[in-house]
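Participant: Submitted below is the structure of interest, expressed as structure tokens.
The values are calculated or read from the model by the stated rules, or taken from the named source; none is laboratory data. Computed from a predicted model, the values in this text were never measured in an experiment. Cβ coordinates were reconstructed from backbone atoms using ideal geometry, including for glycine residues, and neighbour counts include every protein chain displayed.
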Amino acid sequence: MANRVYKRGLTFGVFDLLHTGHINLLQKARGLCDYLVVGVQLDEGVEKMKPRPILSTQERVELVKSLKIADEVVTYFESVDSSEFEKVDFDVYIHGEDWGEQTDRSKVLEYFEKKGIELILLPRTRGISTSDIIFRIKKYR
């Protein structure tokens, strides 16, 4: 594989009702590193911040795997402290630009700084989200 900017990248997400915004993020993350680990949040972790996902953890894991973008797919509970990040070896964390707005990430940022991990926040794909898809389903049914 061609040398990328980073050796091992990591991104975390819910990836419910997989859509073009998810795919764009994953493809951009793939282009930044030689090896990409994608974390899919467990149902129980998602429920702490928003409604339960439509698709189960296992269904979402299988969808992400089927894209053949990730070298490895793992699950995680939540990403507000370093414990989940310590389970994976990576030198760059890649996420959508809303990552810092979702919850307090100060402990994670301290961990990244201590370990020399880069943080890259990518622009969201405008006009698409899981919430938007759910809204459309309700509107047109």
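Participant: Residue under question is residue 100, and the condition is that it be over 17 Å from residue 35 (Cβ atoms), outside any helix (DSSP H, G or I), among the small types (Gly, Ala, Ser) and without any contact (Cβ under 8 Å) to a residue 60 or more places away in the chain; does it hold? Walk me through it before giving the result.
Facilitator: Values: over 17 Å from residue 35 (Cβ atoms): yes; outside any helix (DSSP H, G or I): no; among the small types (Gly, Ala, Ser): yes; without any contact (Cβ under 8 Å) to a residue 60 or more places away in the chain: yes.
Answer is no for this residue.
Participant: Pick from the range 2-29 the residues that are β-branched (Val, Ile, Thr) and under 18 Å from residue 116 (Cα atoms): which of them is modelled with the lowest pLDDT?
Facilitator: Taking the candidates together, the pick is 5.
Participant: Now a separate question. Restrict the check to the range 19-35 and report whether at least one residue is hydroxyl-bearing (Ser, Thr, Tyr), touching a residue at least 40 places away in the same chain (Cβ under 8 Å) and under 20 Å from residue 132 (Cα atoms).
Facilitator: Within the range 19-35, one or more residues are hydroxyl-bearing (Ser, Thr, Tyr), touching a residue at least 40 places away in the same chain (Cβ under 8 Å) and under 20 Å from residue 132 (Cα atoms).
Participant: Tally the residues that are part of a loop (DSSP other than H, G, I, E, B) and in contact with a Gly (Cβ under 6 Å, 6 or more places away or on another chain), restricting the search to the range 41-89.
Facilitator: Residues in the range 41-89 being part of a loop (DSSP other than H, G, I, E, B) and in contact with a Gly (Cβ under 6 Å, 6 or more places away or on another chain): 2 in total.
Participant: For residue 66, which of the numbered conditions (1) at pLDDT 95 or above; (2) more than 26 Å from residue 135 (Cβ to Cβ) fails to hold?
Facilitator: (2)
Participant: Looking only at the range 50-68, count how many residues are in contact (Cβ under 8 Å) with a residue 24 or more places away in the chain and within 15 Å of the chain's Cα centre (by Cα).
Facilitator: Residues that pass the stated criteria total 5.
Participant: Taking only pairs six or more apart or across chains, which ones have beta-carbon atoms under 6 Å, a first residue in the range 69-83 that is farther than 16 Å from residue 113 by Cβ and hydroxyl-bearing (Ser, Thr, Tyr), and a second residue that is modelled with pLDDT of 90 or more and in a loop (DSSP other than H, G, I, E, B)?
Facilitator: Hits for this filter: 75/42; 76/84.
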